[in-house]
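Working notes, structure below.
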Amino acid sequence: PLFSQDDEARGIPDAVTALGARIAAADAVLIATPEYNYSVPGVLKNAIDWLSRLKPQPLAGKPGAIIGASMGQFGTARAQYHLRQTLVFMDMHLLNKPEVMIGQAHERFHDGRLSDERTREHLAKLLAALADWTRRVGGR
């Protein structure tokens, strides 16, 4: 639901509590985002705003990484940087490198599948780095 302090005063919605529980149970979080108007999509920011209200905070200390794809040349660079700013406040431990910002996604995906081999290699490196980061930061 759309975040509202008025709604929060009546209680945290079940959907938010369920999302928080799934994040708390996860070893790490991988956030995949498009970019809208040079920033994070409103629905993603809204989810983070709701999650920020949970106690204990499910994102605090959680290892994570960000990926994104867009049809533009910069491949979600602006959205990812905005998201990093927000997640620093949440005390999430984000992997810094490698960064995966898939530009011109319409040329890299066919029939809903990632067909560009170089992009697949970048994603594989990010996932391997996230697994290593999770073992170091998450203690698991």
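What follows draws every value from the coordinates through simple rules; no lab data is involved. Just so you know, these numbers come straight off a predicted model, no measurement behind them. Ideal geometry is used to build each Cβ from the backbone, glycine not excepted, and the neighbour counts take in all protein chains shown.
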Review point. Going by alpha carbons, how many degrees (0 to 90, nearest 10) lie between the helix axis of 77-89 and the longest principal axis of the chain?
Key: 30
Check your understanding: By how many degrees, between 0 and 90 and to the nearest 10, does the Cα long axis of helix 14-25 differ from the longest principal axis of the chain?
Key -> 60
Check your understanding: Using a cut-off of 20 Å between alpha-carbon atoms, which aspartates and glutamates can reach Lys125, once sequence neighbours fewer than 8 places away in the same chain are excluded?
Key -> Asp27, Glu99, Asp116, Glu117
Study note, to complete from the structure: In order over the stretch 121-137: 3J(HN,Hα) from phi, Karplus 6.51/-1.76/1.60, θ = phi - 60°, whole Hz, x for each Gly or Pro, gives 5, 4, 5, 4, 5, 5, 5, 5, 5, 5, 4, 5, 4, 5, 5, 6, 8
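For the stretch 39-85, which trypsin sites (Lys or Arg not before Pro) are both in a DSSP coil and crowded by at most 14 other Cβ atoms within 10 Å? Could you put the intermediate results ahead of the total?
Details: sites: Lys45, Arg53, Arg78, Arg84; in loops: Arg53.
Filter output for the stretch 39-85: Arg53.
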Exercise for review: Let me have the 222 nm mean residue ellipticity of the chain computed from DSSP H runs of 4+ only, each contributing -39500 (n - 2.57), with the sum over all residues rounded to the nearest 500.
Suggested key: -14000 deg cm²/dmol
Point to revise | Nearest-ten-degree value, helix 42-51 long axis tilted from longest Cα axis of the chain | key: 40
Exercise for review: In debye, nearest 20, what is the charge dipole magnitude of the stretch 5-138 about its Cα centre with +1 on Lys and Arg Cβ and -1 on Asp and Glu Cβ, if you could check?
Suggested key: 340
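May I ask for the Rg/Rh ratio of the stretch 5-138, computed from Cα atoms with Rh as the Kirkwood radius, given to two decimals?
On the way: Rg = 15.7 Å, Rh = 15.8 Å.
For the stretch 5-138, the value is 1.00.
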Review point. If the cut-off is 20 Å between C-alpha atoms, which lysines fall inside it for Lys55, apart from same-chain ones fewer than 8 positions away?
Key: Lys45
